[in-house]
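One structure below.
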Amino acid sequence: MRAIRVASAALLGLSALAFSAPAAVAKGEVTPFGFSVLPSTIAAGGQVTLLLERDNGGCKGSATVTSAVFDTITIPSGKSQATAVVDWDAKPGAVYQVTFTCDGVSGSTGLTIAGGRPVGPTPVPLYPGRGVHAGEGGSLAGFDLKEIGLGAALIAGSVGAAYHFSRRRTGEDGT
């Protein structure tokens, strides 16, 4: 029984490791720097963020990011991200390769084009300065007279039944 639990835990750990591996490692490409495209699925005409991880020192100079779906972007040394606008003529459902090149080393990942077209610029979430008016609170909104009467009758009936059984029990004990 213990062997089954150990094997299950090992399989679960291995699965989590496999699914959390970066796309470049999954393809067999190992680079001394990390990279990603956010979001990885975008509609034609949308804006993506190109991220370059310079923390481990694998990319010291400027990086070039190329793809068939947007213009070539250069991320200068000292910066870790840039933005690119996806071409309007990108085919929905297609996966385009995005290649990051830095210090002579290249790695690539996929960018999927979603169906539909964005209406305008990417919306920015608004954070209100105070709370929202959330409704009726503790009032009787939504209840009608029948529901209130039925609830009161149920409560009165349960209190009456409790009183009846408590009086009956004391009467039996006294005789």
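No value in this document is a laboratory result; all are computed from the given coordinates. In this text, all values refer to a predicted model and were calculated from it rather than measured experimentally. Heads up, the Cβs are rebuilt from the backbone with ideal geometry, glycines too, and the neighbour counts pull from every protein chain shown.
Restricting the chymotrypsin sites (Phe, Trp or Tyr not before Pro) of segment 72-107 to loop positions (DSSP other than H, G, I, E, B) with no more than 14 neighbouring Cβ atoms within 10 Å leaves W88.
In terms of the mean number of neighbouring beta-carbon atoms within 10 Å, the peptides 72-78, 146-152, 48-54 order highest first as 48-54, 72-78, 146-152.
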